[in-house]
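Asker: A single structure is presented below for examination.
The values are calculated or read from the model by the stated rules, or taken from the named source; none is laboratory data. From a predicted model like this one, the values you see are computed outputs, not experimental measurements. Here the Cβ positions follow ideal geometry from the backbone for every residue, glycine too, while neighbour counts run over all protein chains shown. Each accessible area value is taken on the protein alone, full model and side chains, heavy atoms only, with ligands, DNA and RNA left out. Shrake-Rupley method; radii C 1.70, N 1.55, O 1.52, S 1.80 Å.
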Amino acid sequence: MYWLSICIDLYQGSSHKQCSKVVCCQARRHSDSETKRSKRFLESRAPKLTEDVKSAMIMKGGNTSQTITQALKDIYSLKKPNAVLYKKKNITRPFEDSTSLEFFSKKTDCSLFLFGSHNKKRPNNFIFGRLFDFHVLDMIELGIEKYVSLSEIKASKFPEGTKPMLVFAGEAFDTDNEHRRLKSLLTDFFRGPTVPAVRLAGLEHILHFTAIDGKIYMRSYRCLLKKSGCRTPRIELEEIGPSFDFVLRRTHLASDDLYKLAHKQPKALKPKKKKNISHDAFGTKFGRVHMQKQDLSKLQTRKMKGLRKRRGEVVTEEQEGQAPKVAKVES
């Protein structure tokens, strides 16, 4: 509005033609800069065939404990650089009102969130959640019963941004609906970027989740490659932290239709089905070739002089094949 006030002052002390030139020049410069910036911003937020890496926002509620504060920092160290850590307290209750989470999601372009809180009714509380189209899709609340931080375990850590290997053990992850959604949510949260190839030396971080007796145990290991005397190295696991013992509390799951819509892929990404090509369980590719019936009697083979039969040999073979004549004896 500053340039508009200047133009008004110029209009009062100059001709209308001069003022119109100034207004057009200033308006063109202002609109071009704003339009290019907004265009770049909208293009970065627009849907893409191949989406960017999912980022997570990590925040704490109005009431927290030292355990929750340190646990959020440890989860942030596992997730970064694809994470945003909020250091200030946010007075909100996600299960009652999720508008603040949706606002922060639009602001930071994050589709995952982790909310930590602490109160008398639900002590040391974690809420894992994800959003679809900047609206909360599902949330799962986990209570921390036992926690060991990264700093308490004295061991060498992995580099920042390492893509972890996820291991889920327990029958509940395959049979119970809530545990299946939790498995999908944890996979989305910790999976990291999609890579076209894997280097053996880069497989050095393992996140192990075990569901047993109504509890969920989360352990973090570093994969050590030792000499084995052969080409394949010997693998040893070293616990590096953090370590959590969770108990499942409240859940807010999306309906089956909305969940299916969130997993829908565009047609351009779906692989085109090729005829007469199949794969087995190990990924081996098989092809089927259709041919007409062949007459093998007319099959042209390679002619060699050494395999030709001479005339004399043909006559002797015919004579040997005939049965000897028997003289008739009159009785």
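Asker: Just give me the residues in region 261-308 being assigned to a loop (DSSP other than H, G, I, E, B), closer than 30 Å to T50 by Cβ and modelled with pLDDT of 80 or more, in sequence order.
Answerer: The answer is H263, K264, K274, K275, N276, D280, A281, F282, G283, T284.
Asker: When residues of region 22-63 are filtered for being β-branched (V, I, T) and at pLDDT 75 or above, how many remain?
Answerer: 3
Asker: Of all residues in region 259-279, how many are touching a strand residue (DSSP E or B) at 6+ places or on another chain (Cβ under 7 Å), open to solvent by less than 100 Å² (accessible area, probe 1.4 Å) and not hydroxyl-bearing (S, T, Y)?
Answerer: Qualifying residue count for the region: 3.
Asker: So, of the residues in region 120-161 that are out of contact with any Gly (no Cβ under 7 Å at 6 or more places or on another chain) and hydroxyl-bearing (S, T, Y), which turns out to be modelled with the lowest pLDDT?
Answerer: By that ranking, first place goes to S156.
Asker: Here's something else I'd like to know. Restricting to region 189-202, count the residues that are of a type outside the set (K, R) and over 28 Å from F113 (Cβ atoms).
Answerer: Summing the residues that are of a type outside the set (K, R) and over 28 Å from F113 (Cβ atoms) in region 189-202 gives 5.
Asker: So, R250, is that one basic (K, R), open to solvent by 70 Å² or more (accessible area, probe 1.4 Å) and within 30 Å of R93 (Cβ to Cβ) or not?
Answerer: Here the answer is yes, as R250 does meet what is asked.
Asker: For region 143-183, how many residues are within 27 Å of P123 (Cβ to Cβ), assigned to a loop (DSSP other than H, G, I, E, B) and among the aromatic types (F, W, Y)?
Answerer: Number of matching residues: 0.
Asker: Please go through (1) more than 30 Å from D138 (Cα to Cα); (2) without any contact (Cβ under 8 Å) to a residue 60 or more places away in the chain for E238 and return the number of the only condition it doesn't satisfy.
Answerer: Tallying (1) more than 30 Å from D138 (Cα to Cα); (2) without any contact (Cβ under 8 Å) to a residue 60 or more places away in the chain, E238 fails exactly one: (2).
Per-residue answers, yes or no, for (1) open to solvent by 40 Å² or more (accessible area, probe 1.4 Å); (2) more than 20 Å from the chain's Cα centre (by Cα); (3) among the β-branched types (V, I, T):
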{"residue": "R180", "(1), (2), (3)": "yes, no, no"}
{"residue": "S184", "(1), (2), (3)": "no, no, no"}
{"residue": "F190", "(1), (2), (3)": "no, no, no"}
{"residue": "L200", "(1), (2), (3)": "yes, no, no"}
{"residue": "L203", "(1), (2), (3)": "yes, no, no"}
{"residue": "H208", "(1), (2), (3)": "yes, no, no"}
{"residue": "A211", "(1), (2), (3)": "no, yes, no"}
{"residue": "I216", "(1), (2), (3)": "no, yes, yes"}
{"residue": "R222", "(1), (2), (3)": "yes, yes, no"}
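Asker: Which condition does K146 not pass, out of (1) out of contact with any helix residue (DSSP H, G or I) (no Cβ under 9 Å at 6 or more places or on another chain); (2) open to solvent by less than 70 Å² (accessible area, probe 1.4 Å); (3) touching a residue at least 60 places away in the same chain (Cβ under 8 Å), if it passes all the others?
Answerer: (2)
Asker: Please find, within region 224-245, the residue that is nearest to the chain's Cα centre (by Cα) out of those that are open to solvent by 70 Å² or more (accessible area, probe 1.4 Å) and farther than 21 Å from A169 by Cβ.
Answerer: Checking each candidate, the answer is L225.
Asker: How about region 124-138: which of its residues are within 12 Å of S111 (Cα to Cα) and either in a strand (DSSP E or B) or among the hydroxyl-bearing types (S, T, Y) (or both)?
Answerer: F128, G129, R130, L131, F132, H135, V136, L137, D138
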